[in-house]
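*Asks:* Have a look at this one.
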Amino acid sequence: MIIFVGVIVLYWLRLFYIQIIDDKYRVDASNNAFRYKIQYPGRGLMYDRNGELFVYNEQIYDLMVVPMQIEDDMNWDLLSRILRLSPEECQDRLKKAKKFSRYAPSIFEKQISKEMYGQLQEYLHSFNGFYVQSRTLRRYPKPIAAHVLGNVGETDEKDLVANSYYRLGDYIGKSGLEKYYEEELRGKKGVNVVMVDVHNRERGSYKYGKYDSVAIPGTALHTTLSISLQEYAEELMKNKRGSIIAIEPSTGEVLAYVSSPTYDPNLLVGRVRSANYSKLLNDPSKPLFDRAIMASYPPGSIFKLAHALIGLQEEVITPNFAFSCDKSLVDCHSHPSAVSVSEGIKMSCNPYFYGVFRKIIMQGKDKNSSADSKLGLEEWKNRITKFGFGTQLGIDIANVKSGLIPDSAYYNKRYKGPWNFYTIYSVGIGQGEVGLIPLQMANLAAIIANRGFYHTPHLVRSIGDGGHTRKIDTVKHWAGIDSIWYVPVIKGMYGVVHEAGGTARRARIDNIVVCGKTGTAQNPHGEDHAVFIGFAPMDNPEIAISVFIENSGFGGTWSAPLASLLIEKYLTGTVKRMDLERYIKEAVFNNGIKR
């Protein structure tokens with residue numbers, strides 16, 4: 001029994017030494033074993049509404065390493081010369097790879113050039129433990145639409161924890177459509193199981209590819225954007241801060257989406273991505289900040305349109321209701337007193353809409369003015385949020401803000417005491433505490449263009465190609481205003497552009513009826529902001545638009561003519577008013593100073 005037990009113990013000790021202590025057999029086995037080569041699919045392409053290519057893929061190569069397969073007599077000098085790295089840098093990267101795993105492959109040098117790849121192929125047999133893996137990078141034929149398209153970057157720890165599909169070194173959508181449609185765009189990874197000999201040479205697929213799987217390319221996105229309109233809009237917004245949103249009212253499809261300043265999306269691709277991202281992040285003009293959906297502004301006088309509609313629906317005013325332009329109530333520019341809703345809109349009379357808002361808020365439902373104002377404000381909020389204000393509009397892009405629509409709870413907290421209409425009257429003219437994002441402003445124009453409804457704004461119209469295309473379904477939302485009340489409002493918007501006394505005469509276009517509304521949003525920190533929303537043609541509208549230019553002054557001076565150029569470009573395919581185009585392009589606004 002002693003001899004028998006002793007033999008078993010000796011076997012156990014020998015097996016323990018071979019399997020745990022001595023790695024010679026493990027290395028020999030792995031040197032003549034498998035290599036699992038991940039096959040990365042190309043991400044789905046992106047097209048504009050007319051089928052023009054927005055984003056495509058370009059082949060690149062990563063040098064991979066399996067630390068346990070590296071031999072002691074590895075020629076590090078040769079490898080460092082090919083990679084244009086110092087021997088010390090190579091050793092640092094090897095240490096990082098070992099820290100990750102001695103047995104699993106990791107990236108040693110990413111995104112190497114085609115020339116470098118060619119050199120490596122010639123000497124790769126000398127670098128045991130190294131191999132090259134191909135993948136694709138995004139490329140952008142035109143340097144536009146960066147905030148919409150988004151960018152792709154390497155996975156971080158949060159990505160790996162959130163989704164087991166990804167592994168270290170994978171790429172994932174970080175913003176824009178790349179992030180929102182990540183699952184559709186990324187495709188599905190494949191794998192090749194390859195036999196490798198002791199000289200690091202591949203000897204073909206294991207069992208003739210029985211265990212291989214093919215990478216499935218990502219699905220194409222057909223966006224709603226027009227490349228020509230997008231490019232022109234960004235050109236007009238150079239040297240300006242603000243946003244442009246153009247929507248097809250009948251569908252909710254976004255035709256142009258500009259946040260300015262912007263940047264070339266190619267800057268966040270490849271080996272330069274990290275350095276360029278840091279520069280953009282620290283740029284004081286904040287080009288990475290998406291003003292179209294993340295910046296909340298006072299809407300100014302464009303907000304009067306919503307109040308006109310609510311007042312008419314609530315029947316606290318009629319289309320021919322008159323208010324005198326009493327500047328003792330609220331300041332206003334010089335013009336005759338408005339004798340109708342349409343004239344109040346055309347001349348953008350502040351005292352007129354002071355009166356409209358007062359009738360909406362104070363309807364005499366309670367004898368106490370404070371209690372009456374609270375009741376009125378809550379009813380007002382129920383009405384105003386149906387326009388999409390104070391809520392996220394559901395557009396297919398991340399980080400959309402909701403803006404601010406104050407309610408009684410907000411003012412109770414703010415004033416910590418009694419308040420009534422006279423405390424909050426500035427909301428009636430789009431000032432005070434109310435805040436909208438530019439997307440909501442354009443959506444208001446779409447609602448009026450449609451005479452009462454809007455479709456959820458969206459940036460992708462279909463996913464896939466050929467017979468596998470899936471259209472994007474959107475929800476139709478009603479604003480809660482009867483269609484009859486849009487008639488006097490649209491008449492006023494027509495007057496803004498086409499009649500004497502209108503505040504946007506510069507937005508007129510020959511043979512196209514433009515309806516619009518200007519706004520000058522007060523800015524306590526500098527020059528006022530210029531705002532314009534509108535649609536065209538008046539009947540069967542094809543485009544609704546909002547233009548917001550920070551620190552530029554009057555909406556009729558800057559935002560309205562800029563919007564009209566885009567309307568002309570979209571509806572006719574060209575722009576004939578070259579003097580107006582030059583006037584807009586040459587304007588430079590820097591912290592409220594025009595030069």
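*Asks:* If the requirement is being within 25 Å of the chain's Cα centre (by Cα) and either in the same structural domain as Val254 (by TED's automatic domain parsing) or farther than 29 Å from Gly252 by Cβ (or both), which of these qualifies: Gly501, Gly573, Gly534? Walk me through it before giving the result.
*Replies:* Working: Gly501 fails: within 25 Å of the chain's Cα centre (by Cα); Gly573 fails: within 25 Å of the chain's Cα centre (by Cα).
Going through Gly501, Gly573, Gly534 in turn, just one is within 25 Å of the chain's Cα centre (by Cα) and either in the same structural domain as Val254 (by TED's automatic domain parsing) or farther than 29 Å from Gly252 by Cβ (or both): Gly534.
Yes/no per residue for (1) in the same structural domain as Gly466 (by TED's automatic domain parsing); (2) farther than 27 Å from Gln133 by Cβ; (3) in contact with a strand residue (DSSP E or B) (Cβ under 6 Å, 6 or more places away or on another chain):
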{"residue": "Asp170", "(1), (2), (3)": "no, no, no"}
{"residue": "Leu185", "(1), (2), (3)": "no, no, no"}
{"residue": "Asn192", "(1), (2), (3)": "no, no, yes"}
{"residue": "Lys210", "(1), (2), (3)": "no, no, no"}
{"residue": "Tyr232", "(1), (2), (3)": "yes, yes, no"}
{"residue": "Thr262", "(1), (2), (3)": "yes, yes, no"}
{"residue": "Gly270", "(1), (2), (3)": "yes, no, yes"}
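*Asks:* Go through the stretch 131-155 and give me each residue that's modelled with pLDDT of 90 or more and either more than 24 Å from the chain's Cα centre (by Cα) or in a loop (DSSP other than H, G, I, E, B) (or both).
*Replies:* Tyr140, Pro141, Lys142, Pro143, Ile144, Ala145, Gly150, Asn151, Thr155 - these are the residues of the stretch 131-155 that are modelled with pLDDT of 90 or more and either more than 24 Å from the chain's Cα centre (by Cα) or in a loop (DSSP other than H, G, I, E, B) (or both).
*Asks:* Quick one: how many residues across the stretch 202-232 are within 29 Å of Thr574 (Cα to Cα) and either among the aliphatic types (A, V, I, L, M) or at pLDDT below 95 (or both)? Don't jump to the end; show me each part of the working.
*Replies:* Pass one, the stretch 202-232, residues within 29 Å of Thr574 (Cα to Cα): 221-232.
With the extra rule that they be either among the aliphatic types (A, V, I, L, M) or at pLDDT below 95 (or both), the set shrinks to 221, 225, 227, 229.
Count: 4.
*Asks:* On the basis of being buried (at least 16 other Cβ atoms within 10 Å of the Cβ) and modelled with pLDDT under 95, does Arg291 make the cut?
*Replies:* On the way: buried (at least 16 other Cβ atoms within 10 Å of the Cβ): yes; modelled with pLDDT under 95: no.
When the stated conditions are applied, Arg291 does not pass them.
*Asks:* If a residue must be more than 25 Å from the chain's Cα centre (by Cα) and either at pLDDT 95 or above or part of a strand (DSSP E or B) (or both), how many such residues does the stretch 451-478 contain?
*Replies:* Step one: of the stretch 451-478, the residues more than 25 Å from the chain's Cα centre (by Cα) are 451-452, 466-468, 478.
Those left that are additionally either at pLDDT 95 or above or part of a strand (DSSP E or B) (or both): 451-452, 478.
Qualifying residue count for the region: 3.
*Asks:* Let me ask something else. Being touching a helix residue (DSSP H, G or I) at 6+ places or on another chain (Cβ under 9 Å), closer than 30 Å to Glu182 by Cβ and at pLDDT 85 or above is the requirement here; does Gln39 meet it?
*Replies:* On the way: touching a helix residue (DSSP H, G or I) at 6+ places or on another chain (Cβ under 9 Å): no; closer than 30 Å to Glu182 by Cβ: yes; at pLDDT 85 or above: yes.
So Gln39 does not fit the description; no.
Residue-by-condition table, conditions (1) small (Gly, Ala, Ser); (2) under 20 Å from Glu314 (Cα atoms); (3) in contact with a Gly (Cβ under 7 Å, 6 or more places away or on another chain):
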| position | (1), (2), (3) |
| --- | --- |
| Val356 | no, yes, yes |
| Ile360 | no, yes, yes |
| Lys365 | no, yes, no |
| Asn368 | no, no, no |
| Lys374 | no, yes, no |
| Leu377 | no, yes, no |
| Asn382 | no, yes, no |
| Ser402 | yes, no, yes |
| Ser408 | yes, yes, no |
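*Asks:* Would you point out which residue out of Tyr56, Tyr103, Tyr123, Tyr61 is aromatic (Phe, Trp, Tyr), in a strand (DSSP E or B) and over 23 Å from the mean Cα position of the chain (by Cα)?
*Replies:* Values: Tyr56 fails: over 23 Å from the mean Cα position of the chain (by Cα); Tyr103 fails: in a strand (DSSP E or B); Tyr123 fails: in a strand (DSSP E or B).
Just one listed residue meets the conditions, Tyr61.
*Asks:* May I ask you to say which residue of Lys142, Lys174 is surrounded by 15 or more Cβ atoms within 10 Å (Cβ to Cβ) and without any contact (Cβ under 8 Å) to a residue 60 or more places away in the chain? Even if it seems obvious, please write down each step before you answer.
*Replies:* On the way: Lys142 fails: without any contact (Cβ under 8 Å) to a residue 60 or more places away in the chain.
Unique residue meeting the criteria: Lys174.
*Asks:* Moving to a separate point now. Search the stretch 381-394 for residues being among the hydrophobic types (A, V, I, L, M, F, W, C) and in a helix (DSSP H, G or I), and hand back the single one that is surrounded by the fewest Cβ atoms within 10 Å (Cβ to Cβ).
*Replies:* Let us first name the residues in the stretch 381-394 that are among the hydrophobic types (A, V, I, L, M, F, W, C), namely 384, 387, 389, 393.
Among the residues that remain, those that are also in a helix (DSSP H, G or I) are: 384, 387.
Working: Ile384: 23, Phe387: 25.
Top of the filtered list is Ile384.
*Asks:* Here is a follow-up. Of all residues in the stretch 279-289, which are part of a loop (DSSP other than H, G, I, E, B) and touching a Phe, Trp or Tyr at 6+ places or on another chain (Cβ under 9 Å)?
*Replies:* Taking the stretch 279-289 and keeping what is part of a loop (DSSP other than H, G, I, E, B), we get 283-289.
Residues satisfying the conditions are Asp283, Pro287, Leu288.
*Asks:* Just wondering, is there one or more residues in the stretch 253-265 that are farther than 30 Å from Ser552 by Cα and touching a Pro at 6+ places or on another chain (Cβ under 8 Å)? It would help to see each step written out before you state the result.
*Replies:* Within the stretch 253-265, the first condition is being farther than 30 Å from Ser552 by Cα, and the residues that meet it are none.
Looking through the stretch 253-265, none of the residues is farther than 30 Å from Ser552 by Cα and touching a Pro at 6+ places or on another chain (Cβ under 8 Å).
*Asks:* What's the number of the condition Lys476 fails, among (1) surrounded by fewer than 17 Cβ atoms within 10 Å (Cβ to Cβ); (2) under 20 Å from Ile543 (Cβ atoms); (3) touching a Ser or Thr at 6+ places or on another chain (Cβ under 6 Å)?
*Replies:* Checking Lys476 against (1) surrounded by fewer than 17 Cβ atoms within 10 Å (Cβ to Cβ); (2) under 20 Å from Ile543 (Cβ atoms); (3) touching a Ser or Thr at 6+ places or on another chain (Cβ under 6 Å), the one that fails is (3).
*Asks:* Right, another one. How many of the residues in the stretch 327-369 are modelled with pLDDT under 95, assigned to a loop (DSSP other than H, G, I, E, B) and more than 14 Å from Gly428 (Cβ to Cβ)?
*Replies:* Count: 14.
*Asks:* Let me ask something additional. Restricting to the stretch 45-78, and then to whatever is of a type outside the set (Phe, Trp, Tyr) and in contact with a His (Cβ under 9 Å, 6 or more places away or on another chain), can you tell me which residue is surrounded by the most Cβ atoms within 10 Å (Cβ to Cβ)?
*Replies:* Going residue by residue through the stretch 45-78, those that are of a type outside the set (Phe, Trp, Tyr) are 45-46, 48-53, 55, 57-60, 62-75, 77-78.
Next, from what is left, pick out any that are in contact with a His (Cβ under 9 Å, 6 or more places away or on another chain): 46, 48-49, 51.
Numbers: Met46: 25, Asp48: 20, Arg49: 17, Gly51: 8.
Ranking the qualifying residues of the stretch 45-78, first place goes to Met46.
*Asks:* Mind listing whichever residues of the stretch 436-467 are in contact (Cβ under 8 Å) with a residue 12 or more places away in the chain, of a type outside the set (Ser, Thr, Tyr) and farther than 15 Å from Ser546 by Cα?
*Replies:* At the first step, the residues of the stretch 436-467 found to be in contact (Cβ under 8 Å) with a residue 12 or more places away in the chain are 436-465.
Those left that are additionally of a type outside the set (Ser, Thr, Tyr): 436-453, 455, 457-461, 463-465.
Correct list: Asn450, Arg451, Gly452, Phe453, His455, His458, Leu459, Val460, Arg461, Ile463, Gly464, Asp465.
*Asks:* Looking at the stretch 365-380, can you tell me whether even one residue there is buried (at least 16 other Cβ atoms within 10 Å of the Cβ) and under 30 Å from Glu253 (Cα atoms)?
*Replies:* yes
*Asks:* Follow-up question, since we're still on this one. How many residues, within the stretch 405-423, are loosely packed, with under 15 Cβ neighbours inside 10 Å, outside any helix (DSSP H, G or I) and either among the charged types (D, E, K, R) or touching a helix residue (DSSP H, G or I) at 6+ places or on another chain (Cβ under 8 Å) (or both)? Full working, then the answer.
*Replies:* Filtering the stretch 405-423 down to residues loosely packed, with under 15 Cβ neighbours inside 10 Å leaves 409, 412-418, 422.
Adding the requirement that they be outside any helix (DSSP H, G or I) leaves 416-418.
Still in the running and either among the charged types (D, E, K, R) or touching a helix residue (DSSP H, G or I) at 6+ places or on another chain (Cβ under 8 Å) (or both): 416, 418.
The total comes to 2.
*Asks:* Check whether at least one residue in the stretch 248-257 is assigned by TED's automatic domain parsing to the domain that holds Ile361 and closer than 15 Å to Glu550 by Cα, and report yes or no.
*Replies:* The first filter runs over the stretch 248-257 and keeps only residues assigned by TED's automatic domain parsing to the domain that holds Ile361, leaving 248-257.
Filter once more, so that each one left must be closer than 15 Å to Glu550 by Cα: none.
Within the stretch 248-257 (the criterion being assigned by TED's automatic domain parsing to the domain that holds Ile361 and closer than 15 Å to Glu550 by Cα), the answer is no, since none of the residues qualifies.
*Asks:* Give, as residue ranges, the helices (runs of 4 or more DSSP H) completely inside the stretch 175-272 that count at least 1 residues that are more than 30 Å from Ala445 (Cα to Cα).
*Replies:* Numbers: elements: 176-180, 182-186, 227-236.
Answer list for the stretch 175-272: 182-186.
*Asks:* Could I ask something else about it? Find the residue count for the stretch 157-169, including only residues that are within 22 Å of the chain's Cα centre (by Cα) and surrounded by 13 or more Cβ atoms within 10 Å (Cβ to Cβ).
*Replies:* 1
*Asks:* Within the group Glu433, Glu378, which residue is in contact with a strand residue (DSSP E or B) (Cβ under 8 Å, 6 or more places away or on another chain), assigned by TED's automatic domain parsing to the domain that holds Gly519, without any contact (Cβ under 8 Å) to a residue 40 or more places away in the chain and over 30 Å from Lys174 (Cβ atoms)? Give the steps one after another, and end with the answer.
*Replies:* Working: Glu378 fails: in contact with a strand residue (DSSP E or B) (Cβ under 8 Å, 6 or more places away or on another chain).
Exactly one residue qualifies, and that residue is Glu433.
Condition check ((1) touching a Pro at 6+ places or on another chain (Cβ under 8 Å); (2) surrounded by 21 or more Cβ atoms within 10 Å (Cβ to Cβ); (3) free of Cβ contacts under 8 Å to residues at least 12 places away in the same chain) across all residues:
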residue	(1), (2), (3)
Ile472	no, no, no
Gly492	no, yes, no
Ala500	no, no, yes
Asn511	no, no, yes
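The values are calculated or read from the model by the stated rules, or taken from the named source; none is laboratory data. Predicted model, so just to flag it, every value in this text is computed and none were measured. In this analysis, Cβ positions are derived from the backbone assuming ideal geometry, glycine residues included, and neighbour counts consider all displayed protein chains.
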